[in-house]
Amino acid sequence: MKIVLSATGPGFEAAVDERFGRCPYFLYIDSETLEIEATDNPGEKASGGAGIVAAQAVADKDVKAVLTGHIGPNAHEVLSKAGIKMFTDVTGKVREAVESFKSGNLKESTGPTVAGHFGKGPRV
Amino acid sequence: MIISIASGKGGTGKTLVATSLALSLSENHRVQLLDCDVEEPNAHIFLKPIFDKRETASIPVPVVDEEKCTHCGECSRVCVYNALAVLKTAVMTFPELCHGCGACAYLCPEKAINEELRGIGVIEIGRSGSVDFVHGVLNVGEAMAPPVIRQVKKHIFSDGISIIDASPGTSCPVIEAVKGSDYCLLVTDPTPFGLNDLALAVEAVRSLQIPCGVIINRSDVNDSQIEAYCDRENIPMLMKIPLDIEIAKLYSRGIPLVLGISEWKDRFIDLFEDICACVKQEAI
């Protein structure tokens, strides 16, 4: 199954980024073969509508599930419409997150987990 | 003639200057005051206008005809505000992010996008004595002031004197309010913040090629840095309004300076003459 993770870097050892719309990288991973493709997130530096443009980008890649920390209301709306499952509160390394997903230990979210503009501003 | 009042820093006295200038000139000229600080208009508190007309301020937002749409994605690609998302079988619009630029509708290859107006504020038009008064009020929760400001400015006289009260800062709403003016008065206070933001405002109005002059409000013993800056930049210092408890008391009761202390009226008439001289010089 093709899934996508919000990540702080381009490989399996990177951390899952808690922000969906504003994360720097999206990692597209085939959960069976572990084939991985990293792309920039078009929402990272968007002046507004980051969640929307990020959600559209992952929907264009035909993913079945998103693994991330939090999802805001606009991204949630777009991903729901696209029929993509959302797993939130995911933390740790990308490799571990994919393992947790495969073993069915992640929580599927049914609504936005944060208000808009959650991911804006510097992270410390 | 269009004279705008801007500041950079907030709370320097733009509205004090705008209202007193309008009242002073209204005896001998046709004058209107346009409060373009649509996020927080306050000139009405001092001029107490009677409004006789209200208009909705709106922006055009896209409505997609799903029958015609092929989900090609062009609209979302051209939208720099990310106000549209196109999925394989659906288009989603986010009107609160739309700036009303019209690019999506214009560039849709299927002509599947129509625009409908979305209200984001109100324009109120009225009179205060012999001053014509217009202001815009952005609805609470809306982020886009410039379209409301543009709609306020549609009411500018073709003759007479139009005085525009701008918002503080140097961002889009200020540019929208100030552009097209014949002259811009920059009101500052003699503080490091005042000077810093004055310099930003000067840069902004210069890039719009509008001549400007400075008024120091709450003028006291600390004026020298502002004066040195104006000297260096060759900007005329047009007026000083002292730090004075009487002026503050009047203002706190919503009484315009020139109505509370009548000798200020002549100073504002002189100010207008200085502005006219600057504008004339600029035209040569």
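Figures for the structure shown
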quantity: Surrounding net charge for B:Lys153, when Lys and Arg each add one and Asp and Glu each subtract one, Cβ distance under 10 Å; calculated: +2
quantity: Shielding by partners, peptide B:175-186 (average Cβ within 10 angstrom, other chains); calculated: 0
quantity: Mean separation of Cα contacts under 8 Å (6+ apart) over length of the range B:59-118, as relative contact order %; calculated: 50 percent
quantity: Anisotropy class of the range B:1-94 from Cα gyration tensor, a/c 1.5 cut; calculated: prolate
quantity: Electrostatic dipole magnitude of the range B:52-117 [Cβ: Lys, Arg +1; Asp, Glu -1; Cα centre; debye, to 20]; calculated: 180 debye
quantity: Percent breakdown of C-alpha pair distances by 10 Å bin, ordered from the shortest bin, for the range B:59-118; calculated: 27, 63, 11
quantity: For the range B:210-281, convex hull volume per residue from C-alpha positions, Å³; calculated: 98 Å³
quantity: Per-bin percent of Cα-Cα distances, chain B [5 Å]; calculated: 1, 6, 12, 15, 15, 14, 11, 8, 6, 5, 4, 2, 1, 0, 0
quantity: Inter-chain shielding of B:220-230 (mean C-beta neighbours from other protein chains, 10 Å cut-off); calculated: 0
quantity: Convex hull volume of the protein assembly as shown per residue (C-alpha atoms, cubic angstrom); calculated: 183 Å³
quantity: Inter-probe distance in nm under a simple model that places probes 7 Å from Cα toward Cβ, at A:Glu37 and B:Asn222; calculated: 6.0 nm
quantity: 3J(HN,Hα) from dihedral phi, the range A:16-25, Karplus parametrisation 6.51/-1.76/1.60, rounded to Hz, x for glycine, proline; calculated: 5, 7, 5, 9, 7, x, 10, 5, x, 10
quantity: Centre separation in Å (Cα based) which lies between the range A:63-99 and the range B:201-253; calculated: 54 Å
quantity: Computed over chain B: relative contact order in percent, which uses C-alpha pairs under 8 Å that are six or more apart; calculated: 27 percent
quantity: Highest average packing first - A:76-84, B:203-211, Cβ atoms within 10 Å; calculated: A:76-84, B:203-211
quantity: Sorted peptide list for A:27-36, B:122-131, criterion being average Cβ within 10 angstrom, highest first; calculated: B:122-131, A:27-36
quantity: Packing-based exposure ordering (other Cβ within 10 Å, fewest first) of A:Ser6, B:Ser7, B:Ser181; calculated: B:Ser181, B:Ser7, A:Ser6
quantity: Sequence of B:Arg218, B:Arg77, B:Arg253 once ranked by neighbouring C-beta atoms within 10 Å, starting from the fewest; calculated: B:Arg253, B:Arg77, B:Arg218
quantity: For residues of A:52-58, the mean tally of beta carbons on other chains within 10 Å; calculated: 5
quantity: Span-like helix ranges in chain A, DSSP H, alpha carbon extent 20 angstrom or more, Kyte mean at least 0.0; calculated: none
quantity: Stokes-Einstein D (µm²/s) once Rh is taken as the Kirkwood radius of the range A:2-102 over alpha-carbon pairs, at 37 °C in 0.692 mPa s; calculated: 256 µm²/s
quantity: Efficiency of FRET between B:Leu107 and B:Leu208 - r from beta-carbon atoms, R0 30 angstrom, step 0.05; calculated: 0.55
quantity: Where labels lie 7 Å past Cα in the beta-carbon direction, separation of B:Thr89 and B:Glu246 in nm; calculated: 7.7 nm
quantity: Residues B:Val61, B:Val17 arranged by fewest to most Cβ contacts within 10 Å; calculated: B:Val61, B:Val17
quantity: Helix-only [θ]222 nm of the protein assembly as shown, DSSP H runs n ≥ 4, -39500 (n - 2.57) each, per residue, nearest 500; calculated: -9000 deg cm²/dmol
quantity: 0 to 90° range, to nearest 10: angle between helix B:224-233 axis and chain B longest Cα axis; calculated: 60 degrees
quantity: Estimated FRET transfer efficiency when R0 is 25 angstrom, pair B:Met237-B:Asp159 (beta carbons, to 0.05); calculated: 0.25
quantity: Rel. contact order, % - alpha carbon contacts under 8 angstrom, at least six apart, the range B:1-160; calculated: 31 percent
quantity: DSSP-defined beta bridges in the range A:2-102 - what % are antiparallel, rounded to 5; calculated: 65 percent
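No lab work stands behind these numbers, since they all come straight from the coordinates. Only a predicted model underlies this, so the values are computations on that prediction, with no experimental measurement involved. In this analysis, Cβ positions are derived from the backbone assuming ideal geometry, glycine residues included, and neighbour counts consider all displayed protein chains.
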